[in-house]
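The values are calculated or read from the model by the stated rules, or taken from the named source; none is laboratory data. Because the structure is predicted, anything quoted here is derived from the model rather than measured. Because the Cβ atoms are built from the backbone with ideal geometry, glycine has one as well, and the counts that use them run over all protein chains shown.
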Amino acid sequence: MQGYLATRSGTGTKTDTPLNQTAQSISVVSAERVRDQGVSSIQETLRYVPGVFAEPGGVDSRNDYFKVRGQDPNVYLDGTRMSNRNNFNEWRADPYMLERIEVFRGPASVLYGDTSTAGLVNLISKRPRAESHNEIGTSFDNFGRKQVQMDSTGKLTKDGEWLYRFVGLFRESGTQVDFVPDNRMLLSPSLTWRPTTDTSWTVLGTYQKDRTGTTNGFLPREGTLTAGVNGYIPRNRFVGDPATDRYQTETGAISSLFEHRFNDAVKFTQNLRYAHVDGIYRSVYANVFSSDVFLDPVTRRTVNRYSSNQATSNDNFTADNNIQVKALTGALAHTVLFGVDYRSLYARSSVGSGFDTTAFDLYAPAYTSVDLPALTRLSDAKQTQTGLYAQDQMRLGSWLATIGVRQDYASTRYTGADSDRSATTGRASLMYETAFGFNPYVVWAQSFNPVSFSPTYGGSTCVDGPCKDQRGETYEIGFKYNPTPVLAINGAIYDTVEKNRLAVADPVTFATNQIGQVRIRGAEIEVVGKVTADFDVVGSYSYISAKVERGDNVGKSVEGVPANQASLWGKYRLSAFGLRDVTVGAGARYIGTSYDETNVITIPDYTLFDMMIAYDPGRFRLQLNVNNIGDERYVAACYSRGDCYYGLGRTILGTATYRF
């Protein structure tokens with residue numbers, strides 16, 4: 001990618017297909033866009049993507065909890081599953097290690113297996129390049145960030161048969177919440193071997209250690225959503241124990257990306273990854289689970305607290321093998337894909353929980369030591385999934401059609417929760433390619449998503465035993481339009497039915513129930529690219545109507561899904577003023593009204609403004625970003641049990657980069 005506009009993607013089809021010939025809603029966020037917008041997490045990179053609620057839980061130091069089309073998407077790295085969204089202490093990728101982020105909206109199960117109706121977010125790693133590039137940079141922000149990052153790539157041998165890359169990052173930082181750090185160490189070396197123009201093998205290694213704490217203290221509605229008799233609780237309020245609070249995740253991973261082209265018609269691809277992740281999660285937070293002691297009824301300022309202690313160790317292995325064949329049958333051209341993929345998760349966990357009955361003052365806290373509960377070792381758990389898939393991309397003149405089918409086999413092995421499941425999913429699409437760049441399409445797709453298992457949930461995430469598989473089906477009509485080669489306008493309307501959606505989890509046991517059926521209808525439009533040589537733009541609007549059709553809360557809106565979202569970001573190089581090395585940028589994000597799961601609590605809408613100015617004469621770059629310029633105080637989410645979550649306040653980030 002150069003600039004903001006991507007023209008090709010392998011995420012939608014697992015083949016190198018132009019985006020304007022892919023009958024699916026796909027948005028690509030480039031590394032340049034991430035840099036310009038001054039963001040530091042994956043969920044922040046998605047703030048300007050249509051159909052995405054980037055920060056539905058407000059400030060959360062634990063993971064990236066974005067939603068796509070009202071549902072939780074799965075996260076992939078280089079085409080294979082990376083993390084389990086409903087688990088803690090998962091590998092949380094840093095945007096600096098990525099070339100781009102691809103958001104596939106709608107069911108993707110035919111090619112990827114266990115994905116929800118939301119689709120998936122595919123993170124593409126930085127890989128070795130033949131062109132030499134070296135940079136080192138540093139950044140600081142108003143929360144105490146001190147970060148150094150470096151990126152180096154080029155040839156190891158003069159003929160370019162061996163290429164290398166090394167990405168590193170070291171950070172010490174605070175957060176919006178007192179006593180909660182945001183420290184990270186990332187080391188990511190990679191090596192590519194290209195013995196011929198037809199063969200490429202890249203091996204990537206990653207070591208990452210994150211040390212943070214608990215930013216979300218389960219604050220009450222009174223004091224966050226409304227002022228209450230004591231006013232508002234400060235956004236920086238920490239509810240835990242500074243002496244014991246810790247959320248630490250340590251990841252070691254190695255990936256293999258292999259590709260061999262036998263001839264112009266046949267290509268084999270294999271992607272493998274093994275990751276080992278160790279986690280520590282020690283936290284004390286407001287006891288939202290007993291309404292009579294959540295907020296003191298007399299003073300309206302104190303709470304009792306709940307304590308949690310967890311230690312986890314997970315081994316993840318993923319593999320995807322496929323062969324691509326191009327062929328002709330008369331006037332019909334085919335790109336046929338056959339593949340098999342496999343994923344296994346082996347989890348070991350110890351947990352403990354308890355209560356602290358000492359009254360904690362949310363407005364004038366006095367921090368005293370809280371004894372954490374002892375750990376109890378749980379039984380080990382193993383989850384596997386194997387999928388067989390086939391896809392045929394066909395062209396007849398200006399007509400493009402894609403059909404695909406997949407068979408999945410999933411199993412869970414855990415004391416009292418063993419299960420074996422299988423599912424068949426399909427996908428079919430039709431697109432018409434016009435001579436003036438406007439390509440309408442229609443697509444039907446199914447999803448299959450066995451709920452990721454974790455023994456830290458006591459053997460099951462559902463109150464009545466092992467969770468049922470989530471199943472879904474989507475019909476979508478859309479268009480891809482390129483009025484110029486450097487500007488794209490994409491739009492879609494869709495109708496989705498989803499069964500066995502997970503409800504809001506109990507924060508004590510982490511158990512939940514499953515909503516019978518949800519229907520999600522929506523529309524979205526996106527504009528991205530260059531308006532002029534010096535003016536880049538990213539704009540989007542999304543409408544979502546998500547309603548419960550069966551089960552609990554029938555007829556209610558699904559919790560935490562804004563009906564309306566809109567965003568606009570522009571970047572302008574000041575060449576017309578004789579300042580070609582100076583670039584300015586500005587953006588606005590509107591998040592509409594949403595509700596809790598019972599639709600009793602309304603979370604008001606809010607609008608946030610961002611800006612950037614950069615000086616880049618070539619060798620070095622100086623950049624200043626201010627996100628949420630007005631320091632808007634807003635609540636991102638509330639639940640019927642009584643807890644609410646603040647959004648991120650004003651962030652001022654300065655970055656200096658030197659290239660050599």
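Quick look at the numbers
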item: Selection count, segment 211-230, where residues are over 21 Å from the mean Cα position of the chain (by Cα) and not in a loop (DSSP other than H, G, I, E, B); result: 4
item: Thr425 being modelled with pLDDT under 95, closer than 23 Å to Lys468 by Cβ and either in a loop (DSSP other than H, G, I, E, B) or hydroxyl-bearing (Ser, Thr, Tyr) (or both); result: no
item: Residue in segment 249-268 that is buried (at least 19 other Cβ atoms within 10 Å of the Cβ) and either at pLDDT below 95 or assigned to a loop (DSSP other than H, G, I, E, B) (or both) present; result: no
item: Residue within segment 592-607 that is at pLDDT 95 or above, of a type in the set (A, V, I, L, M) and closer than 20 Å to Tyr48 by Cα present; result: no
item: Enumeration of residues in segment 541-567 that are within 20 Å of the chain's Cα centre (by Cα) and farther than 21 Å from Ala637 by Cβ; result: Tyr541
item: Leading residue by the ranking (farthest from the chain's Cα centre (by Cα)) among those in segment 423-435 that are within 27 Å of Asp408 (Cα to Cα) and surrounded by 15 or more Cβ atoms within 10 Å (Cβ to Cβ); result: Leu430
item: Conditions (1) free of Cβ contacts under 8 Å to residues at least 40 places away in the same chain; (2) part of a loop (DSSP other than H, G, I, E, B); (3) more than 24 Å from the chain's Cα centre (by Cα); number of the one not met by Asp178; result: (1)
item: Evaluation of Tyr414 against (1) within 30 Å of Arg377 (Cα to Cα); (2) of a type in the set (Phe, Trp, Tyr); (3) modelled with pLDDT of 95 or more (one fails), failing number; result: (3)
item: Failed condition for Thr13, given (1) assigned to a helix (DSSP H, G or I); (2) crowded, with 20+ Cβ neighbours inside 10 Å; result: (1)
item: Residue list for segment 366-381, restricted to those being of a type outside the set (A, V, I, L, M, F, W, C) and either in a loop (DSSP other than H, G, I, E, B) or on the phi > 0 side of the Ramachandran plot (or both); result: Tyr367, Thr368, Ser369, Asp371, Pro373, Ser379, Asp380
item: Looking only at segment 568-594, and only at residues there that are under 28 Å from the mean Cα position of the chain (by Cα) and polar (S, T, N, Q), the one that is surrounded by the most Cβ atoms within 10 Å (Cβ to Cβ); result: Ser594
item: Condition check for Pro107: assigned to a loop (DSSP other than H, G, I, E, B), closer than 30 Å to Val451 by Cα and modelled with pLDDT of 95 or more; result: yes
item: Pair list, Cβ under 6 Å, 6 or more apart: segment 511-536 residue closer than 17 Å to Thr496 by Cβ, other residue among the aromatic types (Phe, Trp, Tyr) and at pLDDT 95 or above; result: Gly522/Tyr494; Gly522/Tyr543; Ala523/Tyr543
item: Meets criteria (over 12 Å from the mean Cα position of the chain (by Cα) and among the β-branched types (Val, Ile, Thr)) for Ile101; result: no
item: Flag for Val284 being assigned to a strand (DSSP E or B), surrounded by 19 or more Cβ atoms within 10 Å (Cβ to Cβ) and more than 31 Å from the chain's Cα centre (by Cα); result: no
item: Some residue of segment 402-418 being among the small types (Gly, Ala, Ser) and more than 28 Å from the chain's Cα centre (by Cα); result: yes
item: Close pairs (7 angstrom Cβ cut-off, 6 or more residues apart or separate chains): on the phi < 0 side of the Ramachandran plot in segment 152-166, of a type in the set (Val, Ile, Thr) and assigned to a strand (DSSP E or B) anywhere; result: Leu163/Thr192; Tyr164/Thr153; Arg165/Thr153
item: Hey, Thr153 in contact with a strand residue (DSSP E or B) (Cβ under 8 Å, 6 or more places away or on another chain) and farther than 21 Å from Ser30 by Cβ or not; result: no
item: Number of the exception - Ile323 against (1) assigned to a strand (DSSP E or B); (2) among the hydrophobic types (A, V, I, L, M, F, W, C); (3) at pLDDT below 95; result: (3)
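Yes or no, residue by residue, for (1) in a loop (DSSP other than H, G, I, E, B); (2) within 27 Å of Gln324 (Cβ to Cβ):
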{"position": "Leu123", "(1), (2)": "no, yes"}
{"position": "Glu135", "(1), (2)": "no, no"}
{"position": "Ser139", "(1), (2)": "no, no"}
{"position": "Asp159", "(1), (2)": "yes, no"}
{"position": "Asn183", "(1), (2)": "no, no"}
{"position": "Pro189", "(1), (2)": "no, no"}
{"position": "Lys209", "(1), (2)": "no, no"}
